[in-house]
Amino acid sequence: MQIKIFDTTLRDGEQSPGFSMNLAEKVEMAIQLEKLGVDVMEAGFAIASSGDFKSITEIGKSVKNTTVASLARAVPKDIDMAVEALQYAKYPRIHTFIATSDIHMKYKLRKSEDEVLETAREMVKYAKKFCEDVEFSAEDASRTRPEFLYKVLEEVIKAGATVVNIPDTVGYTTPQEFFNLIYGIRTNVVGADKVDISVHCHNDLGMAVANSLSAVRAGATQVECTVNGIGERAGNAALEEIVMNICTRSDLYPFPTKVNTQEIYRTSKLLTKITGIRVQPNKAIVGENAFAHEAGIHQHGVLENKETYEIMTPEAIGITENQLVLGKHSGRHAFVDRVESLGFTIDEKNLDEVFLAFKELADKKKVVSDRDIEALIHVQRVQTPEIYKLERFVINAGNTITTTSSVRLHYKDEIIESVKASHDGAIDASYKAIDELVDKKFELEDFVISSVTGGTDAQGEVRVRIKDENNKVYNGYGVNLDIVEASILAYINAINAMLSNEG
Ligand code: KIV
Ligand code: ZN
């Protein structure tokens, strides 16, 4: 038996504050998730917004072998939207849900048990008319009266559900309790052996992964999770932790997954790059320190025999030590080799652009690392039509004067320029200058600056989020050795995304 991995990074993960992604970013993430080898990706909640609808549609067109799911409440209009959004998916799945716990039925739904039972059954039947693959979730299942949960699951299985999902919506359960619940479902629900039993755990008490794994031991056949554990509140079960537990402790979980673990690190990094939100350094599996052995006694042991302190290898999740250093003398061939070994496929035209950017960087920086190359590729991937383009900027700054920035942009065959002063430094002055040049109102929502690698010659990467007058959010990304330039490029990238979206 195999455990199926259902990734909900693009739905439960993306809907949490700070993690919103634009269409291109979601598609890029979806393509990487397919490379990672997840069985199902939940691409969004079709009725929630036009952005969600569009991303489900585009992801449906872009992925080839992975099931694409859309969430839908147990109401016909939600299901209709999900069906429409999934029209291009080769393997579509409708994921419909309704709450089954007393507290949710009384205060949120204002429905009786009988009404909820009837709705669940009828909506699965309805979804089944359009789609063979229908997943039903009993929201807040872990706080639901077990006998009622059994009844609901039995009815939806009879109505045609192919997967029944048992969410620990509020992250309340414990491993033993959840084991008993899943075991109870397997033994008490007629038809449970004919469908996938899925679990979906939130991390409010830090137990999401432990609870999911306990459920696997009790017979769950699908685990819902997100890359880096992102998600509502404290997040969802982390995909990389679930998969590496199953791999590393195959004595306890003798059920492989289809995930190519060597894509884990890249997938985690891509999400960080897209959202600008890094994982904590001590995060299991993908944190910066996850494989670092600092203590002398550990280092000695690891040098003698890796297994003294290492239960899995960095290579297993795709962290590679590239011996060959790339610099200004590296040719296109070596560069293409490295790009490929990093797992990227880029067409010729885009490769030309990235190679040019690499050469420019290598002229200024002795050693160009893999992280630098990933950043350059990311810049190229988030390119939007360059409605505004940076021509140059000049900063006049010091600790005894007011900073001024003069920014010159290309716009519709014209050169436009503005000069602004700020007590808050060069980036603030530059953003004020750009605001004056752009003929549209918007607000800066978020600004994150970080370094791509260590060292004083590291490139700075900047991610900004802006909001237009209709509260629509756009992301921008910029990378440069100069952090002011990276900041300006990220801002212009977000503005161009906003303007081309209006297009
Ligand atoms: O946490 C939850 O209950 C959910 C469901 C919609 C599956 O996300
Ligand atoms: Zn959830």
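The values are calculated or read from the model by the stated rules, or taken from the named source; none is laboratory data. Keep in mind that what you see is a predicted model, and the values were worked out from it rather than measured. Cβ placement follows ideal geometry from the backbone for every residue including glycine, while neighbour counts extend to all protein chains displayed.
Things to note:
- Within region 312-347, the residues that satisfy the criterion of being under 24 Å from R278 (Cα atoms), modelled with pLDDT of 75 or more and assigned to a loop (DSSP other than H, G, I, E, B) are M312, T313, G318, I319, T320, L342, G343, F344.
- Considering region 5-32, the residues that are on the phi < 0 side of the Ramachandran plot and of a type in the set (G, A, S) include one that is farthest from ligand 1 (Cβ to nearest atom), namely A24.
- All positions within region 368-418 that are under 24 Å from the mean Cα position of the chain (by Cα) and acidic (D, E): D370, D372, E374
- Residues within region 90-104 that are over 19 Å from D12 (Cβ atoms) and of a type outside the set (F, W, Y), tallied: 3
- Qualifying residue in region 351-367 (condition: touching a residue at least 40 places away in the same chain (Cβ under 8 Å), surrounded by fewer than 18 Cβ atoms within 10 Å (Cβ to Cβ), touching a strand residue (DSSP E or B) at 6+ places or on another chain (Cβ under 6 Å) and under 25 Å from R408 (Cα atoms)): no
- Any chance T173 is modelled with pLDDT of 95 or more, within 16 Å of ligand 2 (Cβ to nearest atom) and over 30 Å from L86 (Cα atoms): yes
- Subset tally (residues that are within 13 Å of ligand 2 (Cβ to nearest atom) and either under 13 Å from the mean Cα position of the chain (by Cα) or assigned to a helix (DSSP H, G or I) (or both)) for region 200-210: 1
- The set of residues from region 365-407 being among the polar types (S, T, N, Q) and modelled with pLDDT of 95 or more comprises N396, T402, T403, T404, S405, S406.
- Some residue of region 154-161 being closer than 23 Å to K194 by Cα and within 16 Å of ligand 2 (Cβ to nearest atom): no
- Strands (runs of 3 or more DSSP E) wholly inside region 398-503 that include at least 2 residues being closer than 18 Å to T384 by Cα: 403-411, 460-468, 473-480
- Criterion violated by L181 - all others in (1) of a type in the set (A, V, I, L, M); (2) more than 22 Å from the chain's Cα centre (by Cα); (3) within 16 Å of ligand 2 (Cβ to nearest atom); (4) more than 23 Å from D78 (Cβ to Cβ) satisfied: (3)
- Across region 221-248, the number of residues qualifying as hydrophobic (A, V, I, L, M, F, W, C), more than 11 Å from ligand 2 (Cβ to nearest atom) and outside any helix (DSSP H, G or I) comes to 4.
- Condition check for V216: touching a residue at least 12 places away in the same chain (Cβ under 8 Å) and within 15 Å of ligand 2 (Cβ to nearest atom): no
Matching residues to (1) in contact with a strand residue (DSSP E or B) (Cβ under 7 Å, 6 or more places away or on another chain); (2) in contact (Cβ under 8 Å) with a residue 24 or more places away in the chain:
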position	(1), (2)
A89	yes, yes
I98	yes, yes
Y107	no, no
L117	no, yes
A138	yes, yes
R145	no, yes
F148	no, yes
E154	no, yes
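- Unmet criterion (only one of (1) among the charged types (D, E, K, R); (2) in a helix (DSSP H, G or I); (3) crowded, with 23+ Cβ neighbours inside 10 Å) for E42: (2)
- Count - residues of region 1-29 that are closer than 30 Å to A218 by Cα, more than 13 Å from ligand 2 (Cβ to nearest atom), assigned to a loop (DSSP other than H, G, I, E, B) and not hydrophobic (A, V, I, L, M, F, W, C): 1
- The listed residue being among the acidic types (D, E) and surrounded by 15 or more Cβ atoms within 10 Å (Cβ to Cβ), out of D439, D428: D428
- For I197, the criteria (1) under 19 Å from G231 (Cβ atoms); (2) assigned to a strand (DSSP E or B) hold in every case but one, which is (1).
One line per residue, one yes/no per condition, for (1) buried (at least 24 other Cβ atoms within 10 Å of the Cβ); (2) modelled with pLDDT under 95:
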site: V223; (1), (2): yes, no
site: A234; (1), (2): no, no
site: E240; (1), (2): yes, no
site: F255; (1), (2): no, yes
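- Condition check for N188: under 16 Å from A141 (Cβ atoms), more than 16 Å from ligand 2 (Cβ to nearest atom) and free of Cβ contacts under 8 Å to residues at least 60 places away in the same chain: yes
- Residue check, K129 under 26 Å from the mean Cα position of the chain (by Cα) and surrounded by fewer than 19 Cβ atoms within 10 Å (Cβ to Cβ): no
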